[in-house]
Amino acid sequence: MECKDLWKTYKPNLVAVKDVSFKIDEGEIKLIFGPSGSGKSTFLRCLAMLTLPDKGDVFLKGECLTKTGVNLNKARARIGFVFQHIYLFRHLNAIGNVELALRQVLKMSKGDARQRALEALTEVRMEQCANQYPAQLSGGQQQRVGIARAIARNPDILLLDEPTSALDPELTGEVIDTLRDLAAMGTTMLIVSHEMPFAREVAHEMIFYDEGTIVETGPPQQFFTNPQSDRAKKFMTRLIMKTKRE
Amino acid sequence: MDLIQGLLQIAGGIATTLAISIFSLILGLAIGLPLSFVRTYGKSLRFLVDGFEKIFRGIPELVLMLLFYFGIGASFPFPFKNAFFTAVFVLGLRSGANQSQIFRGAIRGIGEEQMVASRSLGLSRLRSIAYVMIPQVFIFSTPGLGSEYALLVKDSAYAFIIGVPEIMKKADLVRAQTYSYLVPYFAAAVFYILLTFPIATWLDVWGSRRKKKLGL
């Protein structure tokens with residue numbers, strides 16, 4: 001997936017995405033971090049075509065998603081998106097949440113959809129909760145179902161918007177474990193996250209995002225030992241101190 | 001005519017009262033549900049929905065009933081000279097205006113996020129409405145729908161004025177035959193309570209249980 005010269009401005013002159021170009025190859029894992037309100041979520045939503053960018057292009061496997069006449073539903077069907085606040089369908093049980101798009105978007109038969117949904121739930125180790133409703137699950141379990149819902153269609157890329165930051169600290173571990181499993185399977189992932197130990201372990205590249213733009217890019221090692229930009233340096237120091245306190 | 005006979009005659013109107021109420025509830029649903037989504041998501045058609053709601057919520061049912069049956073019915077005997085049809089039609093339109101507001105509140109209560117999550121999976125807006133929004137809208141709306149049903153049962157009594165043989169009409173006939181004012185009207189009152197209260201309450205309880213279970 002790739003984007004070129006992407007812009008998104010919210011009135012009044014609040015620029016969330018300021019001329020951002022970015023590329024992620026198949027099988028890569030990249031992690032975006034930066035201060036809250038810097039536009040990371042908007043950037044991710046623009047890539048998923050959930051928020052339409054004002055200017056610039058998004059490409060998925062060479063195909064331009066931003067030109068006129070593109071079927072956005074079909075484009076979104078190829079992208080997995082995991083939300084910070086999860087947004088499971090509350091009237092459906094876990095397997096129902098995962099099945100919905102398989103039935104309604106991929107038009108799979110009832111039996112095939114059920115089987116694929118169970119596989120996806122197994123991948124996040126939630127198969128034993130398949131018949132429970134979101135309200136009966138813990139936050140961490142809900143987010144794992146959210147991930148299963150996103151990966152069940154075998155999307156080309158998985159975009160995760162702070163998947164653990166709305167969870168209690170003791171529940172983030174199980175979600176991180178799930179992401180680790182996905183990484184081991186070679187899933188292409190772009191993750192907005194401040195889970196630094198996890199980043200160090202799985203990310204091929206880290207991206208420091210501030211004030212609507214990419215400030216610095218590099219391997220995790222660079223950020224942990226010697227960030228190039230002052231802003232990244234300051235942010236990392238604060239982040240590491242916070243992690244130590246916890 | 002003895003008392004039992006009179007009561008049986010009034011009870012004979014129950015089926016018609018129920019038929020008017022249920023058919024107009026269904027007509028109101030068929031109008032109100034699409035309107036609530038048009039009002040929420042359709043930008044340009046918003047004012048049409050607002051206009052429809054204002055008109056049908058603002059005119060007394062009695063006036064509408066007489067207007068359609070005698071007024072418009074004079075030029076269009078079909079279908080408005082059929083009193084039962086006109087009663088269902090008028091109450092259905094009014095209920096559509098009410099239900100549109102009930103459902104709109106439910107859509108707002110469910111929140112935009114459910115829609116975004118559904119669109120993120122590649123579902124079209126229409127499919128998202130059908131499979132994600134509407135099932136939750138109904139759960140959210142059960143108390144409102146319960147009171148709307150009760151309202152329709154009560155307002156079906158206006159059909160008496162155009163001669164539909166429902167409870168009120170029958171009670172009035174018994175009154176005319178027996179010269180008793182108290183018993184027939186009191187019997188009608190009891191029948192109305194029996195038709196409204198249990199169902200509205202049941203809907204309310206069922207809805208709250210369901211909501212609690214789903215954490216809505």
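The values are calculated or read from the model by the stated rules, or taken from the named source; none is laboratory data. None of these values were measured; they are calculated from a predicted model. All Cβ positions, glycine included, derive from the backbone under ideal geometry; neighbour counts span all protein chains shown.
A few comments on the model shown:
- Scan of the range A:74-85 for residues that are facing chain B (nearest Cβ under 8 Å) and either surrounded by fewer than 17 Cβ atoms within 10 Å (Cβ to Cβ) or in a strand (DSSP E or B) (or both), ordered by number: A:LYS74, A:ILE79, A:PHE81, A:HIS85
- Within the range B:140-156, the set of residues being farther than 18 Å from B:VAL205 by Cα and polar (S, T, N, Q) comprises just one member, B:SER156.
- Between B:SER156, B:SER118, the distinction of being within 14 Å of another protein chain (Cβ to nearest Cβ), part of a helix (DSSP H, G or I) and surrounded by 23 or more Cβ atoms within 10 Å (Cβ to Cβ) belongs to B:SER118 only.
Yes/no matrix, rows are residues, columns are (1) within 19 Å of A:ILE151 (Cβ to Cβ); (2) more than 20 Å from the chain's Cα centre (by Cα); (3) not basic (Lys, Arg):
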| site | (1), (2), (3) |
| --- | --- |
| A:LEU31 | yes, no, yes |
| A:SER38 | no, no, yes |
| A:GLY69 | no, yes, yes |
| A:ILE86 | yes, no, yes |
| A:GLY111 | no, yes, yes |
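- In the range B:161-182, residue nearest to the other protein chains (Cβ to nearest Cβ) [restricted to those that are part of a helix (DSSP H, G or I) and buried (at least 21 other Cβ atoms within 10 Å of the Cβ)]: B:ILE167
Matching residues to (1) crowded, with 19+ Cβ neighbours inside 10 Å; (2) away from chain B (no Cβ under 14 Å):
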{"residue": "A:PRO53", "(1), (2)": "yes, yes"}
{"residue": "A:PHE59", "(1), (2)": "no, yes"}
{"residue": "A:THR66", "(1), (2)": "yes, yes"}
{"residue": "A:VAL70", "(1), (2)": "no, no"}
{"residue": "A:TYR87", "(1), (2)": "yes, no"}
{"residue": "A:ASN97", "(1), (2)": "yes, no"}
{"residue": "A:LEU106", "(1), (2)": "no, no"}
{"residue": "A:ALA113", "(1), (2)": "yes, no"}
{"residue": "A:CYS129", "(1), (2)": "yes, yes"}
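- Meets criteria (of a type in the set (Val, Ile, Thr), over 24 Å from B:ALA157 (Cα atoms) and in contact (Cβ under 8 Å) with a residue 40 or more places away in the chain) for B:THR40: yes
- Any chance A:GLU162 is crowded, with 21+ Cβ neighbours inside 10 Å, among the acidic types (Asp, Glu) and more than 14 Å from chain B (Cβ to nearest Cβ): yes
- Verdict on B:PHE138 being at the interface with chain A (Cβ under 10 Å from one of its Cβ atoms), among the aromatic types (Phe, Trp, Tyr) and assigned to a helix (DSSP H, G or I): yes
- Any chance A:ARG153 is under 20 Å from A:LEU44 (Cα atoms), touching a Ser or Thr at 6+ places or on another chain (Cβ under 6 Å) and either modelled with pLDDT of 95 or more or surrounded by 20 or more Cβ atoms within 10 Å (Cβ to Cβ) (or both): no
- Check on A:LEU92, modelled with pLDDT of 95 or more, over 25 Å from A:ILE24 (Cα atoms), touching a Gly at 6+ places or on another chain (Cβ under 9 Å) and buried (at least 17 other Cβ atoms within 10 Å of the Cβ): no
- Failed criterion for B:LEU216 (all others in (1) within 14 Å of chain A (Cβ to nearest Cβ); (2) closer than 24 Å to B:PHE23 by Cβ; (3) among the hydrophobic types (A, V, I, L, M, F, W, C) hold): (2)
- Taking the range B:1-104 and the helices (runs of 4 or more DSSP H) fully enclosed by it, the elements with 2 or more residues that are crowded, with 17+ Cβ neighbours inside 10 Å are at B:3-11, B:14-41, B:46-58, B:61-66.
- Test result for B:SER128, touching a residue at least 12 places away in the same chain (Cβ under 8 Å), in a helix (DSSP H, G or I) and crowded, with 17+ Cβ neighbours inside 10 Å: yes
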